[in-house]
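Novice: Let me give you the structure first, and then I'll get to my questions.
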């Protein structure tokens, strides 16, 4: 069984062919093409793929959606029952997405425990998927499999290092991808918008009289770890910027779980440049990562880590394989073995979508019935004896119709001052106090305003009850009594109990609700 991966990295197109024989994998072919070369055009590319298909019978094609367009979401649900998971998962995932769930493709992996389950979901927007398919069509490619960069880098890491928790970096032509691999899963992924091409262009600006080949050669000879004395200002500025973004990215991934879970870094792609930045970051006391070392043979393949990992994902086809493209879209030459595996996977996803749609409709119906019962109880308690409420034909209306009728009734003013007697507000009370006291003789020490009772859904006509505790300081008892008497005339006070303690006069009283005209 053969898989061909096609990766578009800026001006470069990278290919890899991997063979699976039982449980063994063999890298048969890796190549990189510059799309700006005179020889490179759609017909040339079709010829290359045609020759590979002729050489490797039953060859299938896999492509990858960039990290920038993929969201990894981790969540834990307090359920372990399959039906309960299907009911709650769509609502839980949508809370963590910046787009509506119906506008995306969600690929969830569920790990069930005794009373809960962990979910790792790969999410992309439909627009990103369509854009990817369109870019592949522009070079004459119709892929059988569409996975994503985080999964491809995880596959390559796991291919070389079993059961290793590490941060894998891949510097490509136009950007650098970073994936956190923990407990045999890719749990976080991000990218830095700088790749080899940016370093080449920066050095080309500094060495304008150099040919492209000379710039390419010089780029691998310069010490990017120590640019302090360098006269290549553009390259120096880019190195500083890349180093800062790399440091931030590592800090983010390292602390995302709330504790450090990684001790090693695995560099792939343009390793020479990344190795130099490793040496640059080692100068920081907080940087305590070790590099994962590989053999010479594996080092050569790691330059094509993304391409090889992309081939491995559909070939392994386990519970961590991501396939955004539906099985029915695969070409006729897709091998029978792969069809069987992904048909089952595709049917599972279809069943999941059906279950999610059904459960959401059922949940909405249940919510509407509950609200309908609550509205009926409210009408019975508060409006059954109200002669102005027209209940005729109410039972024949749906819930929304009943709700509109009740709202329309309450919008009408029932009393000169509105439907409820409103309490004296804090600002009104303070204004009254300031008018009642002589500032040179009385000092406000304490004012507590406590709203004890108020109308609610079950007791719509319950009056407001406000308790006030007031303390003032005055050298003259008569002035204090005058103040409280003046306050009583200005406020609707139910009862007033004045107590004196060392020149501090306190009173606790209840305010009456007052009409607001």
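The values are calculated or read from the model by the stated rules, or taken from the named source; none is laboratory data. Model, not experiment: these values are computed from the prediction. So basically every Cβ, Gly included, is an ideal-geometry build from the backbone, and we count neighbours across all protein chains shown.
Novice: Here are some conditions: (1) assigned to a strand (DSSP E or B); (2) modelled with pLDDT under 90; (3) farther than 18 Å from residue 142 by Cα. Residue 13 meets all but one. Which one does it not meet?
Specialist: (3) is the only condition that residue 13 fails.
Novice: For the structure I just gave you, tell me whether residue 28 is crowded, with 17+ Cβ neighbours inside 10 Å and either under 26 Å from residue 180 (Cα atoms) or out of contact with any helix residue (DSSP H, G or I) (no Cβ under 8 Å at 6 or more places or on another chain) (or both).
Specialist: No.
Novice: So, one more: Being assigned by TED's automatic domain parsing to the domain that holds residue 172 and under 16 Å from residue 175 (Cβ atoms) is true for just one of 207, 197. Which residue is that?
Specialist: The conditions single out 197.
Novice: Quick check: anything in segment 371-392 within 30 Å of residue 311 (Cα to Cα) and either touching a helix residue (DSSP H, G or I) at 6+ places or on another chain (Cβ under 7 Å) or at pLDDT 75 or above (or both)?
Specialist: no
Novice: Pick from segment 450-474 the residues that are out of contact with any strand residue (DSSP E or B) (no Cβ under 6 Å at 6 or more places or on another chain) and at pLDDT 80 or above: which of them is surrounded by the fewest Cβ atoms within 10 Å (Cβ to Cβ)?
Specialist: 454
Novice: So, in segment 121-155, of the ones that are surrounded by fewer than 16 Cβ atoms within 10 Å (Cβ to Cβ) and more than 20 Å from the chain's Cα centre (by Cα), which residue ends up farthest from residue 12 (Cα to Cα)?
Specialist: Step by step, filter segment 121-155, then rank; the result is 130.
Novice: Go through (1) touching a residue at least 12 places away in the same chain (Cβ under 8 Å); (2) more than 24 Å from residue 293 (Cβ to Cβ); (3) in a loop (DSSP other than H, G, I, E, B) one by one and return the number of the condition residue 229 breaks.
Specialist: Every listed condition holds for residue 229 apart from (1).
Novice: Restricting segment 205-242 to residues that are closer than 15 Å to residue 270 by Cβ and surrounded by fewer than 14 Cβ atoms within 10 Å (Cβ to Cβ), which is modelled with the highest pLDDT?
Specialist: 217
Novice: Which one of these is in a helix (DSSP H, G or I), touching a helix residue (DSSP H, G or I) at 6+ places or on another chain (Cβ under 6 Å) and without any contact (Cβ under 8 Å) to a residue 40 or more places away in the chain: 218, 235, 213?
Specialist: None of the others qualify; the one that does is 235.
Novice: Pick from segment 131-153 the residues that are in contact with a helix residue (DSSP H, G or I) (Cβ under 7 Å, 6 or more places away or on another chain) and assigned to a helix (DSSP H, G or I): which of them is nearest to residue 298 (Cα to Cα)?
Specialist: Top of the filtered list is 153.
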